[in-house]
1. If I compute Cα Rg over 2.2 N^0.38 Å from the structure I just sent, which labelled value in [x] 1.36; [y] 1.28; [z] 2.01 lines up?
2. Before anything else, pin down the relative contact order of segment 1-80: Cα pairs under 8 Å, at least 6 apart, normalised by residue count, whole percent.
3. Where in the chain are the DSSP H helices whose C-alpha atoms run 15 Å or more along the long axis and whose mean Kyte hydropathy is at least 1.6?
4. What order do you get for 84-92, 107-115 when each peptide is scored by the mean count of other beta carbon atoms within 10 Å, highest first?
5. Can you tell me, using C-alpha contacts under 8 Å and at least 6 residues apart, the relative contact order of the chain as a whole percent?
6. Taking a probe of 1.4 Å, how large is the accessible area per residue of the chain, in Å²?
7. Among 94, 18, 64, determine the one that fluctuates most according to a GNM of the chain built with springs between C-alpha atoms less than 10 Å apart.
8. Using a simple charge model, +1 on the beta-carbon of Lys and Arg, -1 on the beta-carbon of Asp and Glu, nothing else, what dipole does the chain show about its Cα centre, in debye to the nearest 20?
Amino acid sequence: MFYGAVVWDPWFIVAQIVCLQCLYYLTLAVFLTILVGTRVSRMSLAYFFDFATVSTSSVTGWCVILSLLASAVAGAGYQIFLIERAKKCLDFSVTLYIIHIFICIVYGGWPSTITWWVVNGTGVAAMALLGEYLCIRRELREIPITRYQSNV
């Protein structure tokens, strides 16, 4: 994709946000299924959106924390392919977590535990910083140029 080809395309930006959000929640579902699903008798949306499940007082709570942080790291990997620009990673990471906070508020009320805020703050920082690092590495790769020699 040529970076300067399209200056402002709001539908493309919305599509990127939706794709990143969906991939984040799919990855979170996989990690929650692996880590939490083996510990509880029934999975529910509470593990995704209820702040009370994010706690350091139980092994299941630690599994939820690990799932959220692993999904943030995976989200940074998704930004390489969806966002492609290092300077946009912070914007998309914060947007993802603002939408996540809004869904959590609608689902379970205002998050009142410091653990939830620390985990999500760490997640947004990890996603943004790692995403920027990975995108910068991709942007700075050498462009392979092959030269063909003619048989004259």
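1. [y]
2. Answer for segment 1-80 is 35 percent.
3. 10-35, 59-82
4. Top to bottom by mean Cβ count within 10 Å: 84-92, 107-115.
5. Numbers: 145 pairs, mean separation 42.7, N = 152.
For the chain, the relative contact order is 28 percent.
6. About 64 Å² of surface per residue is accessible.
7. Highest fluctuation among the options: 18.
8. 260 debye
The values are calculated or read from the model by the stated rules, or taken from the named source; none is laboratory data. Everything numeric here is computed off the predicted structure, so don't read it as measured data. In this analysis, Cβ positions are derived from the backbone assuming ideal geometry, glycine residues included, and neighbour counts consider all displayed protein chains. Keep in mind that these areas ignore ligands, DNA and RNA; they rest on the heavy atoms of the full protein, side chains included. Shrake-Rupley method; radii C 1.70, N 1.55, O 1.52, S 1.80 Å.
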